[in-house]
Amino acid sequence: MNVEKSKTAQVRARIALATAIALGALWIGHAFVPSVLWAGVVTVAVEPLRHRIVTRWPGRHTLAASLITLAVLLIVVVPVVIAVSRAVVEAQGAALWLAQARAKGVPIPAWVATLPIGSAEIAAWWNTHLLTAAAASEQLGRIDTDTLLKQSQSLTHGVIKRVVVFAFTIVVLFFLIRDRDTVVRQLERGTKRAFGEAGIRLGRQISASVRGTVDGLVLLGLAQGIIMAIIYAIAGVPHPILMGLLSGLASIVPFGLVAVLLIAVALLVLKGFVTAAIVVGLLGFVINFVIDHFLRPGLIGGTTRLPFVWVLIGIVGGVETIGLLGLFVGPAVMAALVMIWREWIADGDIGVPDEAT
């Protein structure tokens, strides 16, 4: 009896020690938890590609990891460099326009006269507040340069922090892809010891959910960006390719396309293309609504066997709770929850899912 009590006490002590060490490690490395999660999401998403490379060149795990990591790096960095360089050019143009407006005033745009309603009121306000150099200088002089400087410093700090996190993510991604088989075996073994076969099934369901979410977000985001770039080019939006790229990236976030769409509409209005602005706004809204409410949840739900409502809750709730990472973590958590519920009511047998659940 004393021996059994001693063994029980040792087991409890080991569990307490392991828990304390795990919490300590989480506390020390909590700043890099998003990097590890991002690397895990990408590793799950690119597994079919990694499998093809390793199948074609057996044993070349390092080569597969290097190629995929380089591809991810280029896919992320190239659009960011293009967007930042364009933003710098536009910022310089905005600063030059601001200086000229303060010195000479701002003439009334031609599009004001084409407005169906309110053109006279807008013209009167413009004449009073922006037409002359004195009026424009008074209005535009309210821009607080100190506030802009502080905001730019805060933005710089945020960019540097994200660059560090991204660099660490790339490093972790390389090792996860290279050692993927070993990591999966260890995770499955540990999960089986802790939770049995149900834990392994749950892990595989989460993996499928992450892969389906990535496919639904990335593929549909790419298609949406191409469609919007074509619409922008036809309508006469400045920099249609860049705006299409931004639209594709923004569409990954639910309702994210609306922000880019408003910029495109405003640019068309400033050029005097009011009708084109209305058409672009309506088309963009309809496309965004259909993709966010039907195509994306359908594609993700088809892979994870999740009903529409749960997919939508996972995506929107995940973004609101933990940011962009929630796009992938949210549906995965919902998939795990629904699977646990189905196994519970089926007495351990997954069976055929009830789509109304």
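The values are calculated or read from the model by the stated rules, or taken from the named source; none is laboratory data. Predicted model, so just to flag it, every value in this text is computed and none were measured. Virtual Cβ from ideal backbone geometry, glycine too; neighbours counted across all protein chains shown. These accessible areas exclude ligands, DNA and RNA; they are computed on the full protein's heavy atoms, side chains included. Shrake-Rupley method; radii C 1.70, N 1.55, O 1.52, S 1.80 Å.
Note on Leu187 and Ser119: the model spin-label points, each 7 Å out from Cα along the C-beta direction, lie 6.2 nm apart. How big is D for segment 27-66, in µm² s⁻¹ as a whole number, if Stokes-Einstein is applied with the Kirkwood radius of its Cα pairs at 20 °C and 1.002 mPa s? It diffuses with D of about 187 µm²/s by this estimate. At full extension, Val77 and Ala346 could sit 92.1 nm farther apart than now, given 0.36 nm per residue minus the alpha carbon distance. Computed over the alpha-carbon pairs of segment 230-279, the distance histogram in 5 Å steps reads 5, 25, 32, 24, 12, 3, 0 percent, short to long.
Put a dot 7 Å past each Cα toward the Cβ at Ile200 and Ala223; how far apart are the dots in nm? Placing both labels 7 Å along Cα→Cβ, they lie 3.6 nm apart. Please work out the average accessible area per residue across segment 204-302, using the 1.4 Å probe convention, and give it in Å². Result: 46 Å² per residue. Protection proxy ranking for 100-109, 17-26, 212-221, 326-335, using the average of other Cβ atoms within 10 Å per residue and placing the highest first: 326-335, 212-221, 100-109, 17-26.
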